[in-house]
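Engineer: Got a structure for you, questions after.
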Amino acid sequence: VTYRDKYFKLVFDQVEQYPELAGTNIWSWGGLGVAQNDDFWWKPGDPFVGDPPQEPQGLNSVFADDSTTLEIIKAHAERIK
């Protein structure tokens, strides 16, 4: 989450400097989901959490309990209204 937060801050800061851009988005919303396996790899029958099955589950997802990430996204959304 720490590196994801740094990444979002960097990208959002750049977007806010260039109003020509129409908006931003995140890769996927994982919501309340969690990876089902210790190695984070999806296996048939597992629920999806937002990442494609060929990637570690949770690698690029934002989850409901990622409070710092959600605050960064919310603040950015307010600034680009």
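Engineer: Please list, ordered by first then second residue, the pairs with beta carbon atoms under 6 Å, 6 or more apart or interchain, first in segment 38-61 and without any contact (Cβ under 8 Å) to a residue 12 or more places away in the chain, second in a loop (DSSP other than H, G, I, E, B).
Structural biologist: D46/Q36; P53/W42
Engineer: If you don't mind, there's one more thing I want to ask. Please identify the pairs in which a residue from segment 62-73 that is part of a strand (DSSP E or B) has its Cβ atom under 7 Å from the Cβ atom of a residue that is among the β-branched types (V, I, T), counting only partners at least 6 apart or on another chain.
Structural biologist: These pairs meet every condition: V62/I26; V62/T69.
Engineer: Test A64 against the stated conditions and say whether it is surrounded by 11 or more Cβ atoms within 10 Å (Cβ to Cβ), of a type in the set (G, A, S) and at pLDDT 95 or above. Show your work before the answer.
Structural biologist: Details: surrounded by 11 or more Cβ atoms within 10 Å (Cβ to Cβ): yes; of a type in the set (G, A, S): yes; at pLDDT 95 or above: yes.
Spelling it out, A64 is indeed surrounded by 11 or more Cβ atoms within 10 Å (Cβ to Cβ), of a type in the set (G, A, S) and at pLDDT 95 or above.
Engineer: Return only the number of the condition from (1) surrounded by 13 or more Cβ atoms within 10 Å (Cβ to Cβ); (2) charged (D, E, K, R); (3) not in a loop (DSSP other than H, G, I, E, B) that E55 does not satisfy.
Structural biologist: Checking E55 against (1) surrounded by 13 or more Cβ atoms within 10 Å (Cβ to Cβ); (2) charged (D, E, K, R); (3) not in a loop (DSSP other than H, G, I, E, B), the one that fails is (3).
Engineer: Please verify whether segment 39-54 includes one or more residues that are among the acidic types (D, E), at pLDDT 95 or above and within 16 Å of the chain's Cα centre (by Cα).
Structural biologist: no
Engineer: On to the next question. Which of the residues belonging to segment 41-52 are surrounded by 15 or more Cβ atoms within 10 Å (Cβ to Cβ) and either touching a helix residue (DSSP H, G or I) at 6+ places or on another chain (Cβ under 6 Å) or closer than 26 Å to L10 by Cβ (or both)? Working first, answer last.
Structural biologist: Taking segment 41-52 as the starting set, the residues that turn out to be surrounded by 15 or more Cβ atoms within 10 Å (Cβ to Cβ) are 42, 49-51.
If the condition is that a residue be surrounded by 15 or more Cβ atoms within 10 Å (Cβ to Cβ) and either touching a helix residue (DSSP H, G or I) at 6+ places or on another chain (Cβ under 6 Å) or closer than 26 Å to L10 by Cβ (or both), then V49, G50, D51 are the ones that fit.
Engineer: Separate question: Mind listing whichever residues of segment 1-38 are farther than 21 Å from G58 by Cα, surrounded by 12 or more Cβ atoms within 10 Å (Cβ to Cβ) and over 18 Å from the mean Cα position of the chain (by Cα)?
Structural biologist: E16
The values are calculated or read from the model by the stated rules, or taken from the named source; none is laboratory data. This one's a predicted model, so the numbers in the text were calculated from it and none came from an experiment. Counting neighbours? That spans all protein chains shown, and the Cβs are built from the backbone with ideal geometry, glycine included.
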